[in-house]
Amino acid sequence: MVTHILTTFNRTLAHEDFGKLLLRLAVGGLMLFHGVHKLIDGVDGIAGMLTAQGLPAFIAYGVLVGEVLAPCLIILGIATRPAALVLAFTMIVAWLMVGTGKTWLLDNTGAWAIENLMYFFVGALAVACLGAGRYALGQAQWR
């Protein structure tokens, strides 16, 4: 009886392509908010952090690739795996810029201080490993 119920339950929820779509919408959609913020307010803050590290300020525009272009591609399912790797790389850079000192800390609510960075990093890696699935605009070899 229990086995039958669990088998039926599992079969009902076995929609891998829909799950991939939900993951793409969550990772790409939530990151896109960060990118739109930078489109509206500019990348001057990031440019300042880069120059403080001795790096050229123009690199700050790369954040628009990682936080606007890559999430849009992920959401649409176009060049999904490469776009997800770009997003994951962007999170590594973000961690190196602002998160290394927070790696072993909790925030005011008890959450891991780099929780958002890790969510986007691991989520992007999951998208890169899983691909876009059937519900994507990209051709099968680029999903």
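Describe numerically, in nm with one decimal, the distance between label points set 7 Å from Cα along Cα→Cβ at Met118 and at Leu22.
2.2 nm
Determine the calculated [θ] at 222 nm for the chain from helices alone, applying -39500 (n - 2.57) to every DSSP H run no shorter than 4 residues and normalising by the residue count; nearest 500 deg cm²/dmol. Mind showing how you got there, number by number?
On the way: 6 runs with 85 residues, N = 143.
One gets -19000 deg cm²/dmol as the mean residue ellipticity at 222 nm.
Place a +1 charge on the Cβ of each Lys and Arg in the range 17-142 and a -1 charge on the Cβ of each Asp and Glu, then give the dipole magnitude about the Cα centre in debye, rounded to the nearest 20. Display every interim value, and only then the final one.
Numbers: 6 positive and 6 negative charges, 73 e Å.
That gives a dipole near 360 debye.
What does a probe at Arg134 reach in the range 64-78, counting residues whose amide N is under 19 Å from the point 7 Å along Cα→Cβ?
Those under the cut-off are 76-78.
Using modelled amide H (1.01 Å from N, peptide plane; none on Pro or chain starts), what sits under 5 Å from the amide H of Gly77, excluding residues fewer than 5 places away?
Residues meeting the criterion, in which the H sits 1.01 Å from N, are Leu137.
Let me know the Kirkwood hydrodynamic radius for the range 17-142, please, with Cα pairs as the basis and the value in Å to one decimal. Before the final figure, lay out the partial values.
Working: mean 1/r = 0.0666 Å⁻¹.
Computed over Cα pairs of the range 17-142, the Kirkwood hydrodynamic radius comes out at 15.0 Å.
Give me the net charge of Met91's neighbourhood, meaning all other residues with Cβ under 13 Å from the Cβ of Met91; Lys, Arg count +1, Asp, Glu -1. Spell out each step's value before the answer.
Values: positive: none; negative: Glu67, Glu115.
Once positives and negatives cancel, what remains is -2.
Could you work out the longest stretch of the chain that avoids the chymotrypsin sites (Phe, Trp or Tyr not before Pro) located in DSSP loops with at most 16 other Cβ atoms within 10 Å?
Details: sites that count: Trp104, Tyr135.
With chymotrypsin sites (Phe, Trp or Tyr not before Pro) excluded where exposed in loops, the chain gives 1-103 as its longest stretch.
What FRET efficiency, computed as 1/(1 + (r/R0)^6) with R0 = 25 Å and r the Cβ-Cβ distance, is obtained for Lys102 and Ala57, rounded to the nearest 0.05? Display every interim value, and only then the final one.
Working: r = 24 Å, r/R0 = 0.95.
Efficiency computed from Cβ-Cβ geometry: 0.55.
Note down the relative contact order for the chain as a percent, whole number, built from C-alpha pairs under 8 angstrom at least six residues apart.
On the way: 173 pairs, mean separation 43.3, N = 143.
Contact order relative to length: 30 percent.
Bear in mind that the values in this text are calculations on the coordinates, not laboratory data. Since we're looking at a predicted model, the values are computed, not measured. Ideal geometry is used to build each Cβ from the backbone, glycine not excepted, and the neighbour counts take in all protein chains shown.
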